[in-house]
Amino acid sequence: LVSSAAVKKDGSLWVWGSNSHGQLGTGNTTEVHKPVKIMDNVASVHMGYEHSAAIKKDGSLWTWGDNLFGQLGNGTEDDEYKPVKIMDNVASVSLGGLHSAAIKKDGSLWTWGCNVNGELGNGDTYTEPYPIKIMDSVAAVSLGYDFSAAIKKDGSLWMWGNNDYGQLGDGSTDEQDSPVKIMNSVS
């Protein structure tokens, strides 16, 4: 990752660095060597692998950048050079290599993008360019390059996706295209 972002205390979002797929949200693909403001009223930002996401203070989720596998969640596979609104009532977001996930304020987990290794957790391996609901009662989500993890509100850890090296922790090296419970009492 060679792009950077910061949210100032006033809620303004500033970006700089590589911009090969428009991941800075400046409206083009030109590198930026000094911080440039692109949005206001931002609560948090997450920079992924050539795609980016921000949650505004009103709970709306915005994405931009590389969209070859629908990882922006806007229903297309076209790169977006400026932020595009995806959904409302979002509490948190995580970006993987070519997939994305968001937890809504009601605790529901939604995923979208590349699904070659089952990293979306919806039971198949078809790419999804729109957010799809995976599970409820989720407290936290974190995405690797091609695998995913979620902690439910009851403290249980669930994982799915690529498992070539046993990274899912389920005792195998088999790909999992649906969430598998790994352990309890995780915080």
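As a length-normalised measure over Cα pairs under 8 Å and 6 or more apart, the relative contact order of region 111-156 settles at 32 percent.
Considering only protein heavy atoms and a 1.4 Å probe, what is the carbon-and-sulfur percentage of the accessible area of region 10-64? Could you put the intermediate results ahead of the total?
On the way: 1170 of 2360 Å².
Looking at region 10-64 in its full context, I get 50 percent from C and S.
Model label sites at T29 and D124, defined 7 Å from Cα along the beta-carbon direction, differ in position by 3.1 nm. In order along region 133-140, the Karplus-derived 3J(HN,Hα) couplings, from 6.51 cos²θ - 1.76 cosθ + 1.60 at θ = phi - 60°, round to 6, 10, 7, 10, 6, 9, 9, 8 Hz, and Gly and Pro are given as x. Our coupling estimate for region 97-106, obtained by passing each phi through the Karplus curve with A = 6.51, B = -1.76, C = 1.60 and θ = phi - 60°, is x, 9, 9, 9, 8, 9, 9, 7, 4, 7 Hz, Gly and Pro reported as x.
What accessible area per residue comes out for the chain, rounded to a whole number of Å², with a 1.4 Å probe? Let's see the in-between values first.
On the way: 8610 Å² over 187 residues.
Spelled out: the 1.4 Å probe surface of the chain, per residue, equals 46 Å².
A Gaussian network model of the chain, with springs between Cα atoms under 10 Å, assigns the largest mean-square fluctuation among G17, G113, G73 to G17. For region 41-49, backbone phi angles converted through the Karplus equation (6.51, -1.76, 1.60; θ = phi - 60°) give residue-by-residue couplings of 6, 8, 8, 7, 9, 9, 9, x, 7 Hz, Gly and Pro being listed as x.
Label-to-label distance for K153 and S20 is 4.1 nm, based on points extended 7 Å past Cα in the beta-carbon direction.
Contact order for region 56-117, expressed relative to its length and based on alpha carbon pairs under 8 Å spaced 6+ residues apart, stands at 30 percent. Checking every one of the trypsin sites (Lys or Arg not before Pro) in region 23-112 against DSSP loop status and a limit of 16 other Cβ atoms within 10 Å picks out K57, K105.
Please tell me the relative contact order of the chain in percent, rounded to the nearest whole number, where contacts are Cα pairs under 8 Å and at least six residues apart. Let's see the in-between values first.
Details: 579 pairs, mean separation 25.1, N = 187.
Once normalised by length, the contact order is 13 percent.
The values are calculated or read from the model by the stated rules, or taken from the named source; none is laboratory data. Bear in mind the structure is a predicted one, so any value in this text is a computation, not a measurement. Every residue, glycine as well, gets a Cβ built from its backbone with ideal geometry; the counts of neighbours run over all protein chains shown. Surface areas here come from the heavy atoms of the whole protein model, side chains and all, with no ligands, DNA or RNA. Shrake-Rupley method; radii C 1.70, N 1.55, O 1.52, S 1.80 Å.
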